[in-house]
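Some notes on the structure that comes next.
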Amino acid sequence: MGLVVNKLAPHITFPELLGQLGIENGQAAEHIRVHFGGPVETSRGFVLHSNDYALESSLGVGDLVSLTATVDILRAVVDGQGPQRVLFALGYAGWGAGQLDAEIQANGWLTVDADPEILFSSDLDGKWRRAIAKLGFDVTRLSGDAGHA
């Protein structure tokens, strides 16, 4: 599974979502935006967050980021007791067994090391450009055409 991290969810704000869950909104949650995590189970929420906070249900994603998918983390965020950095997403992207690996091997994806500065940035349009820049080449020089040398 994966999460889209540079697209906002249409038609809902974080305070509205908290209201639907019966959680009183606090000032600590005012800056959080709801992202479109992907087309699968769009009513299910996921919180990518810094490793300074963990629940028993939290899953480490690399050395610097964790994923928590319980309402407890939302309460902690609202109370100002949650992680320092948060990205909330509704839905996820999914692949069948071995599908993503095959797509990566077929050069269907460009991959870079995770970077919390990019991941948690509020500049959604700049995330893609900043991630591509980590590859060390000018993406405008790429071509969708294949040829023979």
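The values are calculated or read from the model by the stated rules, or taken from the named source; none is laboratory data. Quick caveat: nothing in here was measured; it's all calculated off a predicted structure. Please note: Cβ atoms are built from the backbone with ideal geometry, for glycine as well, and neighbour counts cover all protein chains shown.
Here are a few things to note about the model shown:
- Some residue of the stretch 73-91 being part of a loop (DSSP other than H, G, I, E, B), at pLDDT below 90 and either over 30 Å from GLU24 (Cβ atoms) or aromatic (Phe, Trp, Tyr) (or both): no
- Of the strands (runs of 3 or more DSSP E) lying entirely inside the stretch 1-64, those containing at least 2 residues that are small (Gly, Ala, Ser) are 40-50.
- Which listed residue, of GLN84, GLN105, is touching an Asp or Glu at 6+ places or on another chain (Cβ under 7 Å) and either more than 25 Å from SER58 (Cα to Cα) or polar (S, T, N, Q) (or both): GLN84
- Filtered residues of the stretch 8-38 (kept if at pLDDT 95 or above and exposed (fewer than 12 other Cβ atoms within 10 Å of the Cβ)): none
- In the stretch 113-140, the residue that is surrounded by the most Cβ atoms within 10 Å (Cβ to Cβ) out of those that are in a helix (DSSP H, G or I) and in contact (Cβ under 8 Å) with a residue 40 or more places away in the chain is LEU119.
- One residue from ALA97, ALA29, ALA69, ALA76 being over 21 Å from LYS127 (Cβ atoms), touching a Ser or Thr at 6+ places or on another chain (Cβ under 8 Å) and among the hydrophobic types (A, V, I, L, M, F, W, C): ALA69
- Selection status of LEU87, within 23 Å of LEU17 (Cα to Cα), in contact with a strand residue (DSSP E or B) (Cβ under 8 Å, 6 or more places away or on another chain) and buried (at least 18 other Cβ atoms within 10 Å of the Cβ): yes
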